[in-house]
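In what follows, a single structure is set out as structure tokens and then discussed.
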Amino acid sequence: MNAATRATPSAAGLTETTHVERASVSRGRVVVADDHVLVREGVISLLQRSGFEVVGQAGDAAQLLDLVGEHRPDLVIIDIRMPPTYRTEGLTAAHRIRQEFSDIGIVLLSAYVEINDAMELLASCERVGYLLKSRVTDVNEFIDTLGRIMKGGSVVDPSLVMELLNARRRNDPLAVLSDREREVLALMAEGKSNIGIARALWVTETTVQKHVQHILAKLGLAASSDDHRRVLAVVTWLKAASAK
């Protein structure tokens, strides 16, 4: 059955009542890997209706790697747990894709929080995201997130962010930051813009801009584009959060 014509709702929480206009120009080429057919077809249908070109779909890691090698997509959306053991086959494939094709965006779309296994991938590169299926409820936000990742951004699910924030850490490179600056950096890790952070913290956008500049300066990030420096700041936060 053609995935483009299906109206199957995704188990990721994306409802079929949300209307997304088909874009006239492709947003990017995508490969989707998930062993659950309903989830996979639901995500594919949403992507196609949102203007993405789905060039392949896979039910296991081996198929995923073959498709990526054949099509060189702009983005891959991967379930962490796939056959045959349903442990970290998807994550292992994501690491291999990152090593061989560093320009391909990677989104881990999982039903589970796999902190220890996923942190190396999240903390070592750009163009990567980790989203929990149960929390993907806003279609437009999901599509925007995919776009940010393809442009070089790093997006982490808020649940993972909070779990990392609550972990006790030693030799914390973020010790120079104030509590408020840590809050701002955690929201940056979720992929929020300055406006989004301002709304979350009930402060002005100007205040957020000042916090961001202080964060970048305190972390000693060299002058470059603002977007690149923000990614570097998030990577620093992720590395600190994953430290034992």
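Per-residue packing, averaged as other Cβ atoms within 10 Å, sorts the ranges 29-42, 92-105 into the order 29-42, 92-105, beginning with the highest. Counting beta carbons within 10 Å around each of 49, 72 and listing the fewest first gives the order 72, 49. Working ranking of peptides 126-132, 138-144, 62-68 by packing, defined as the average number of other Cβ atoms within 10 Å per residue, highest first, is 126-132, 62-68, 138-144. All other residues whose Cβ lies under 11 angstrom from that of residue 199 are scored, Lys and Arg at +1 and Asp and Glu at -1, for a net of 0.
A short reminder: the numbers here are calculations on the coordinates, not readings from a lab. All values derive from a computational prediction rather than experimental measurement. Here the Cβ is made from the backbone with ideal geometry for all residues, glycine too, and neighbour counts use every protein chain on show.
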